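This report concerns only the one structure given below.
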Amino acid sequence: MTSDTSANPDPAARLADAVTRIARAAALRPTPHAVTLIAVSKTRSAAEIAPLLAAGHRAYGENRVQEAESKWPALRESHADIALHLVGQLQSNKADAAVALFDAIHSVDRPSLVAALARAMDKADRRPDCFLQVNIGAEDQKGGCPIADLPALLAAARTANLPVAGLMAVPPADVEAAPYFALLAKLARDHGLPGLSMGMSQDYETAVLIGATHVRIGTALFGDRALATVPPRP
Ligand SMILES: *Cc1c(COP(=O)(O)O)cnc(C)c1O
């Protein structure tokens with residue numbers, strides 16, 4: 001169930017296609033199910049983002065605080081209703097900047113970051129939604145808290161008064177994602193958390209069928225990142 005990114009070079013048409021696919025998958029759920037499509041615009045220029053803004057899309061995702069700071073304040077001047085989601089790992093020393101810029105943080109994965117975000121939110125009097133990131137495939141190099149540590153992390157986040165919206169995960173690459181989505185959905189259910197941030201370009205329809213409330217889509221909207229960043233030949 002991958003979307004064909006090569007068929008249509010027009011980003012607005014790709015967006016419309018993704019919206020249709022998400023709606024179709026969501027309609028198969030037993031109860032009405034709202035899904036937020038986060039257009040992951042990391043490495044993309046303002047010019048690449050412009051067609052999606054013009055089409056009325058307002059939810060965007062970035063994985064680096066600094067890159068987001070350089071790009072979005074200017075775009076927000078013309079579109080005040082943009083919602084920015086941080087989907088990449090966050091260092092505690094960037095908590096202040098992240099709280100100032102983002103409306104949701106999808107990578108809360110350790111108690112020290114919970115503490116840093118709580119301090120930053122108190123100071124700024126601004127409380128972005130938080131998703132606790134789970135290392136759902138127990139991969140060494142991946143961000144996210146181990147499944148066994150999730151109860152303690154959730155307790156810490158609630159004690160610190162973070163607005164916990166749900167869980168987030170990036171399943172292992174090159175294997176069927178559905179079982180990992182199902183596991184994350186079960187963890188969220190067990191802890192009474194409504195939000196599920198899961199599903200990317202290759203598997204977002206599967207994720208929606210399993211209950212994703214937020215899908216994070218980059219290449220299916222903007223095209224391949226590697227190709228897009230190849231410099232022109234001299
Ligand atoms: C880059 C990224 C995405 C988007 O991935 P695509 O495969 O381009 O859709 C989603 N989530 C996270 C955490 C990412 O870093």
Show the residue pairs that are 6+ apart or on different chains and have beta-carbon atoms under 7 Å apart, the first residue being within segment 57-81 and within 13 Å of the ligand (Cβ to nearest atom), the second being among the charged types (D, E, K, R).
G61/R216; E62/K42; N63/K42; R64/K42; E67/K42; A68/E62
Right, A160: open to solvent by 10 Å² or more (accessible area, probe 1.4 Å) and not charged (D, E, K, R) or not?
yes
Look through segment 26-44, keep the residues that are at pLDDT 95 or above, in contact with a helix residue (DSSP H, G or I) (Cβ under 8 Å, 6 or more places away or on another chain) and more than 16 Å from the ligand (Cβ to nearest atom), and return whichever of them is nearest to H214 (Cα to Cα).
A34
Please tell me if D190 is open to solvent by 50 Å² or more (accessible area, probe 1.4 Å) and acidic (D, E).
yes
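Residues checked against (1) within 16 Å of the ligand (Cβ to nearest atom); (2) within 20 Å of A115 (Cβ to Cβ):
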| position | (1), (2) |
| --- | --- |
| P146 | no, yes |
| L150 | no, yes |
| A173 | yes, no |
| P179 | no, no |
| H214 | yes, no |
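The values are calculated or read from the model by the stated rules, or taken from the named source; none is laboratory data. This is a predicted model, so every value here is computed, not measured. Note: ideal-geometry Cβ built from the backbone for every residue, glycine included; neighbour counts use all protein chains shown. Heads up: the accessible areas ignore ligands, DNA and RNA and are worked out on the full protein's heavy atoms, side chains in. Shrake-Rupley method; radii C 1.70, N 1.55, O 1.52, S 1.80 Å.
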